[in-house]
Amino acid sequence: MIEFTRFELSNGLRVLVHEDNSTPMVAVNVLYNVGSRDEQPDKTGFAHLFEHLMFGGSLNVPDFDDPIQMAGGENNAFTNSDYTNFYEVLPAQNIETAFWLESDRMLSLSFDPKVLEVQQKVVVEEFKETCLNQPYGDAWHLISDLAYKVHPYRWPTIGLTPSHIEDATMQDVRDFFFNHYRPNNAILTVAGKVTPQQVKDLAEKWFGDIPRGEVPPRQLPEEPKQHRYGRRIHQANVPVEALYMTFHMPARLHPDYYAADLLSDVLCNGQSSRLFRRLLKEQQLFASIDCYISGSIDPGLLIIEGKPAEGISIDQCREAIWRELDLLKTDPIGEQELEKIKNKVESNLVFSEISVLTKASSLAFYELIGDADMINAEGEHYQRVTAADIQRMAQEMLVESNCNELVYMPA
């Protein structure tokens, strides 16, 4: 059970505090409700660019890393389709350093053309290194484009093309910042050796006078239901063939999300899971195989990916996967198999509550999607899923009309 206190500043900044006196450390987490789904089709990769720009100096802080390191802490950030997250972990007695730094870059970035130029080059190099020059690095570009037609999930977080970042102007950057990086579009969470009153005083001192912003209303197009099997063969500089199969699944707040998540675990989570045990170990059709979900807030994807064993064709791999999927639709899951999967999920949830950083970032995420109390109810949601629920999701999701297939062929 993670207990927390919640309050809101007059400028709209939501603040959540989890007091944990078992540690001398504290985690300060700032989540901004902006991700790649908030970008325009001709200006993608901006949320990821801002993850970099936010470390390039702000109004009163020319360097972000040195003060944190001098305070005995560390910091980092990540961006995804739905939100952007920044955090610091440092000794509790130095917590004010994190408040000072986070508030200053929320107040205003240093809109220095040199900083923008440097970070544009960094992001473009990252794009080339991870997407263009790495085998299978553009898989998510191809998968997204296949699976989504209108929703902005159709481009990955890093962006559609490096040119969108290269062509970004200072005005583009200013507009994106003041539209999204405002206190009324952010969630501040603190976990560790602190008291709610201490955090409240610090939040008022450092964030209270930052003006609210006019955050544009989010009007995302709803992805239409897929009715036809999609397939793309992609020739690339890859060592071996690879197969990716994606299936549309419910949104994060849909009641069936938990059954869909457990369905992916039944298929491939651990050496006793179905695809790994039967297709890789027993039949030796695959050199590697995996199944996972995107976990996005809006309706996401269940993805199966694998590389054939030597001498095995993509057609044999595809047929073997479909045999297993069809079997899952007709034969109910045994209680022992289901219990094993649930226990693994439960243990992962318990272990995730050990770190003050994980607790801080998780509280921010659940507050973002509507209710921070969900952090204490996740285990119950998974435990309530029945074998019949998983079988029903297999019957609804794992069908050809809901599937898109990407095949990599060595050039």
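The values are calculated or read from the model by the stated rules, or taken from the named source; none is laboratory data. Only a predicted model underlies this, so the values are computations on that prediction, with no experimental measurement involved. Neighbour counts are summed over all protein chains in view; Cβ atoms, including those assigned to glycine, are modelled from backbone coordinates with ideal geometry.
For this structure, a couple of remarks:
- Flag if GLU241 is over 24 Å from THR358 (Cα atoms), within 22 Å of the chain's Cα centre (by Cα), touching a residue at least 40 places away in the same chain (Cβ under 8 Å) and not assigned by TED's automatic domain parsing to the domain that holds ALA27: no
Here's the yes/no breakdown for (1) assigned to a helix (DSSP H, G or I); (2) outside the structural domain of ASP38 (by TED's automatic domain parsing); (3) surrounded by 13 or more Cβ atoms within 10 Å (Cβ to Cβ):
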position: LYS114; (1), (2), (3): yes, no, no
position: GLN119; (1), (2), (3): yes, no, yes
position: VAL123; (1), (2), (3): yes, no, yes
position: GLU129; (1), (2), (3): yes, no, no
position: GLY137; (1), (2), (3): no, no, yes
position: HIS141; (1), (2), (3): yes, no, yes
position: LEU146; (1), (2), (3): yes, no, yes
position: LYS149; (1), (2), (3): no, no, no
position: TYR153; (1), (2), (3): yes, no, yes
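- From GLU3, GLU8, residue being surrounded by fewer than 22 Cβ atoms within 10 Å (Cβ to Cβ), farther than 22 Å from PRO211 by Cβ, of a type in the set (D, E, K, R) and in contact with a strand residue (DSSP E or B) (Cβ under 9 Å, 6 or more places away or on another chain): GLU3
- Condition check for TRP206 on (1) surrounded by 17 or more Cβ atoms within 10 Å (Cβ to Cβ); (2) at positive phi: one failure, at (2).
- Test for THR161: is it out of contact with any Leu (no Cβ under 7 Å at 6 or more places or on another chain) and more than 26 Å from LEU368 (Cα to Cα): yes
- Residue pairs meeting the criteria (Cβ under 6 Å; at least 6 apart or on separate chains; first closer than 30 Å to ARG154 by Cβ, in segment 65-80; second aromatic (Phe, Trp, Tyr) and assigned to a strand (DSSP E or B)): ALA77/PHE86
- Yes/no for PHE78 being at pLDDT 95 or above, surrounded by fewer than 22 Cβ atoms within 10 Å (Cβ to Cβ) and within 23 Å of the chain's Cα centre (by Cα): yes
- Strands (runs of 3 or more DSSP E) completely within segment 238-312 that count 1 or more residues being of a type in the set (Lys, Arg) and under 20 Å from ILE333 (Cβ atoms): none
- With respect to the conditions (1) of a type in the set (A, V, I, L, M); (2) surrounded by 18 or more Cβ atoms within 10 Å (Cβ to Cβ); (3) without any contact (Cβ under 8 Å) to a residue 60 or more places away in the chain; (4) in a loop (DSSP other than H, G, I, E, B), ILE354 lacks only one, and its number is (2).
- Near pairs, Cβ below 7 angstrom, 6+ apart or cross-chain, from segment 37-64 (on the phi < 0 side of the Ramachandran plot and assigned to a helix (DSSP H, G or I)) to any residue that is surrounded by fewer than 23 Cβ atoms within 10 Å (Cβ to Cβ) and of a type in the set (S, T, N, Q): ALA47/THR157; HIS48/THR157; LEU49/GLN119; HIS52/GLN119; LEU53/GLN119
- Going through (1) surrounded by 14 or more Cβ atoms within 10 Å (Cβ to Cβ); (2) out of contact with any Gly (no Cβ under 6 Å at 6 or more places or on another chain) one by one, GLY334 falls short only on (1).
- If the condition is being more than 19 Å from HIS52 (Cβ to Cβ), among the aliphatic types (A, V, I, L, M) and in contact with a Leu (Cβ under 7 Å, 6 or more places away or on another chain), then segment 64-94 contributes ALA71, VAL89.
- In the set GLU380, GLU353, only one residue is under 22 Å from the mean Cα position of the chain (by Cα) and under 30 Å from THR189 (Cβ atoms); that residue is GLU353.
- Matching residues, segment 227-244, being farther than 20 Å from GLU305 by Cα and among the polar types (S, T, N, Q): none
- Test: LEU349 is in a helix (DSSP H, G or I) and touching a Gly at 6+ places or on another chain (Cβ under 7 Å): yes
- Filtered by the rule that a residue be touching a residue at least 24 places away in the same chain (Cβ under 8 Å) and assigned to a helix (DSSP H, G or I), segment 328-345 gives LEU328, LYS329, GLU335, GLU337, LEU338, LYS340, ILE341, LYS342, LYS344, VAL345.
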